[in-house]
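The values are calculated or read from the model by the stated rules, or taken from the named source; none is laboratory data. All of these numbers come straight from a predicted model, not from anything done at the bench. Cβ atoms come from the backbone with ideal geometry, glycine included; neighbour counts cover every protein chain shown. With ligands, DNA and RNA removed, areas are computed over all heavy atoms of the protein, side chains included. Shrake-Rupley method; radii C 1.70, N 1.55, O 1.52, S 1.80 Å.
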Amino acid sequence: MNVVIHASEEAVTQCAYGFVRDRMNRRHYRVLGLPTGSTPLRLYRALVEGYRRGEVDFAEVQTFNLDEYLGLPPDHPQSYRHFMQTNLFSHVNIRPSHVHFLSGLPHDIEDECEAYERAIKERGGLKLQILGIGRDGHIGFNEPTSSLASRTREKTLTRQTIEDNRRFFEKDEEVPRWALTMGVGTIMEAREILLLATGRAKADAVAAMIEGPVTAMCTASALQMHPRVTVMIDDAAAAKLNHDDYYRWMSENDCQMAGYLEACKQRQAARGQTAKAP
Ligand code: F6R
């Protein structure tokens with residue numbers, strides 16, 4: 001896991017934007033897995049601004065969202081489909097046929113989930129999966145005790161997640177209790193993963209994910225087993241890490257590695273020239 005700590009949410013956003021822009025500009029990286037929630041909002045805003053500046057292009061990008069509430073139609077203001085449309089898709093040049101979503105009103109749940117897995121495979125698999133993390137360590141809606149090998153399926157949300165969502169709904173009976181979500185196993189098949197977390201409320205989950213045991217009680221901890229994961233967090237979300245000095249040291253040195261290698265090559269070349277001189 002590559003853990004990158006920034007002083008502020010804004011700095012996390014800028015770094016994440018640069019990371020995603022770089023991947024989107026590679027031809028073979030254009031199948032993205034996307035989250036909803038408050039965490040990626042700034043990144044989506046940065047991507048819209050980047051699109052307007054001509055730095056990113058969505059024409060060839062395919063997206064698969066992680067999850068959707070069961071029972072909400074696509075145009076419901078709290079559906080994840082509506083969230084994505086409002087915050088990203090309606091502002092960029094993505095083709096509607098390239099946007100993939102789990103239905104909140106499927107005819108048959110099992111068929112819907114299998115078709116989603118198939119659609120991901122048919123497009124060559126997720127190249128970059130972007131994630132947020134829940135306070136209980138969930139990714140997608142893979143709540144504690146979800147199998148770390150799970151595939152796309154229905155899930156009952158925990159009381160805490162339902163409570164966290166209550167503020168978005170007018171009436172208690174409207175708050176969804178179930179969702180369809182990509183499984184942990186589905187997420188783990190992505191070529192590369194970028195997880196974002198900001199704010200003090202995420203500090204326990206972030207510490208459990210990075211430094212705790214791999215356990216279904218914190219499904220994000222499964223990411224320890226993935227070979228290409230970058231976790232970008234702010235100081236507040238890093239507050240409960242025991243080894244934050246080490247992660248900061250690693251980041252600084254990673255940044256300097258290319259410059260150091262270049263300097264080594266130049267020294268080597270200069271030595272070669274001196275050796276050849278009569
Ligand atoms: C939503 C999703 C969830 C959120 C998580 C954090 O698509 O996958 O796992 O990423 O619940 O939500 P926020 O960012 O609102 O704190």
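From the residues Met250, Phe89, Ser150, which one has its Cα farthest along the dipole of the chain in the positive direction, the dipole being from +1 and -1 charges on Cβ of Lys/Arg and Asp/Glu about the Cα centre?
Met250
On the accessible surface of the chain, probed at 1.4 Å, how many percent belong to carbon and sulfur atoms?
51
What residues have an amide H closer than 5 Å to that of Gly33, excluding those fewer than 5 places away on the same chain, when H is modeled at 1.01 Å from N in the peptide plane?
Residues meeting the criterion, in which the H sits 1.01 Å from N, are Phe64, Lys127, Leu128, Gln129, Ile130.
Measuring from label point to label point, each 7 Å out along Cα→Cβ, what is the Ser90 to Thr215 span in nm?
Computed distance between label sites Ser90 and Thr215 equals 4.3 nm.
Under 1.5 on a/c is rounded, so check that first for segment 169-278, then, if it is not, pick prolate when a/b is larger than b/c and oblate when it is not; a ≥ b ≥ c are the square roots of the alpha carbon gyration tensor eigenvalues.
prolate
From the P(r) of segment 2-242, can you give the percent of Cα pairs sitting at distances over 32 Å?
Details: 3809 of 28920 pairs.
Looking at segment 2-242, the distances longer than 32 Å represent 13 percent of pairs.
Check the straight Cα-Cα distances from Lys171 and name the lysines below 26 Å, setting aside those fewer than 8 residues away within the same chain.
Within the straight-line limit of under 26 Å, Lys171 reaches these lysines: Lys155.
Sequence-distant or interchain residues sharing an amide H contact under 5 Å with Ala237, placed H: which?
Placed amide hydrogens put Gly199 under 5 Å from Ala237.
From the square roots a ≥ b ≥ c of the eigenvalues of the alpha-carbon gyration tensor of segment 221-278, which class results: rounded (a/c under 1.5), prolate (a/b over b/c), or oblate?
Prolate is the answer for segment 221-278, as a/c is 1.5 or above and a/b outweighs b/c.
Please name which of Ile210, Gln14, Leu72 has its Cα lying farthest along the dipole of the chain towards the positive end, using unit charges on Cβ (Lys, Arg +1; Asp, Glu -1) and the Cα centre as origin.
Looking along the dipole axis, the top candidate is Gln14.
Report the net charge of residues surrounding Leu241, where surrounding means a beta-carbon distance below 11 angstrom and charges are Lys +1, Arg +1, Asp -1, Glu -1.
For residues surrounding Leu241, the net value is -3.
To the nearest 20 debye, what charge dipole does segment 85-217 have about its Cα centre, counting +1 at the Cβ of each Lys and Arg and -1 at the Cβ of each Asp and Glu?
Numbers: 17 positive and 20 negative charges, 96 e Å.
Dipole size: approximately 460 debye.
Most fluctuating residue of Phe168, Phe141, Phe19 in a GNM of the chain with Cα springs under 10 Å: which is it?
Phe168
Limiting things to C-alpha atoms, what are the Rg and the maximum Cα-Cα separation (Dmax) for segment 97-175, in angstroms?
14.5, 41
Under 1.5 on a/c is rounded, so check that first for segment 182-221, then, if it is not, pick prolate when a/b is larger than b/c and oblate when it is not; a ≥ b ≥ c are the square roots of the alpha carbon gyration tensor eigenvalues.
oblate
For the chain, set up a GNM with springs between Cα atoms under 10 Å and report which of Thr230, Thr86, Thr181 has the largest fluctuation.
Thr86
Let me have the 222 nm mean residue ellipticity of the chain computed from DSSP H runs of 4+ only, each contributing -39500 (n - 2.57), with the sum over all residues rounded to the nearest 500.
Calculated mean residue ellipticity at 222 nm is -12000 deg cm²/dmol.
Who wins for biggest fluctuation among Lys171, Lys155, Lys240 in a Gaussian network model of the chain, springs between alpha carbons below 10 Å?
Of Lys171, Lys155, Lys240, the most mobile in the Gaussian network model is Lys171.
With both bridge residues required to lie in the chain, what share of the DSSP beta bridges run antiparallel, to the nearest 5%?
Once the DSSP bridges in the chain are tallied, antiparallel ones form about 30 percent.
Can you give me the accessible area per residue for segment 2-242, using a 1.4 Å probe, in Å²?
44
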